[in-house]
1. When both residues are 6+ apart or on different chains and their Cβ atoms are under 8 Å apart, which pairs have a first residue that lies in segment 1-17 and is farther than 21 Å from G67 by Cβ, and a second that is of a type in the set (S, T, Y) and surrounded by fewer than 13 Cβ atoms within 10 Å (Cβ to Cβ)?
2. Would you please name the residue that is farthest from G9 (Cα to Cα), looking only at residues in segment 58-113 that are open to solvent by less than 50 Å² (accessible area, probe 1.4 Å), of a type in the set (S, T, N, Q) and in contact (Cβ under 8 Å) with a residue 24 or more places away in the chain?
3. Consider G26 carefully, then state whether it is at pLDDT below 95, surrounded by fewer than 18 Cβ atoms within 10 Å (Cβ to Cβ) and either part of a strand (DSSP E or B) or out of contact with any helix residue (DSSP H, G or I) (no Cβ under 9 Å at 6 or more places or on another chain) (or both).
4. Go through segment 49-95 and report how many residues are in a strand (DSSP E or B) and of a type in the set (V, I, T).
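The values are calculated or read from the model by the stated rules, or taken from the named source; none is laboratory data. Computed from a predicted structure; not experimentally measured. All Cβ positions, glycine included, derive from the backbone under ideal geometry; neighbour counts span all protein chains shown. Quick note on the areas: whole protein, heavy atoms, side chains included, nothing else; ligands and nucleic acids left out. Shrake-Rupley method; radii C 1.70, N 1.55, O 1.52, S 1.80 Å.
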Amino acid sequence: VQLQASGGGLVPAGGSLRLSCTASRGISSSFRVMSMGWYRQAPGKQREVVAIIDIDGGTNYEDSVKGRFTISRDNTKKTLYLQMNRLAPEDTAVYYCNGRRAGLDVWGQGTQVTVSS
């Protein structure tokens, strides 16, 4: 597995979680030059982008998570993060991390986030 995601779980509405995604095996040396992102897929829905961070640290967020979620990266640890605060039931989904650069598009295995009402 080249991108290993972790940190999902079951939380009550209003709670917080921090997801992590660590690069390994062959892409760790490329991590710092990859645009990284978090995506999610809820049951019966298409996968959607949640947040993107580029190689210079610039970020973009899906409208519904602005002000609640923060994406960040630590290039020395080859790790991508998603801090999720004020979680709501509609945030329930499998969350995937993704890394991209020219000629490379890598997905992690997904981590389940469930928010109870």
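1. Listed pairs, sorted by first residue: V1/S24; Q2/S24; L3/S24; Q4/S24; L10/S116.
2. Taking segment 58-113 and keeping what is open to solvent by less than 50 Å² (accessible area, probe 1.4 Å), we get 58, 65, 68-69, 71-75, 79-82, 84, 87-88, 91-99, 104, 106, 108, 110-111, 113.
Restricting the remaining residues to those that are of a type in the set (S, T, N, Q) gives 72, 75, 79, 92, 98, 111.
Narrowing the set further to residues that are in contact (Cβ under 8 Å) with a residue 24 or more places away in the chain leaves 75, 79, 92, 98, 111.
Details: N75: 25, T79: 19, T92: 10, N98: 20, T111: 8 Å.
Step by step, filter segment 58-113, then rank; the result is N75.
3. On the way: at pLDDT below 95: yes; surrounded by fewer than 18 Cβ atoms within 10 Å (Cβ to Cβ): yes; either part of a strand (DSSP E or B) or out of contact with any helix residue (DSSP H, G or I) (no Cβ under 9 Å at 6 or more places or on another chain) (or both): yes.
Yes; evaluated as a whole, the condition is true for this residue.
4. Of the residues in that region, 9 qualify.
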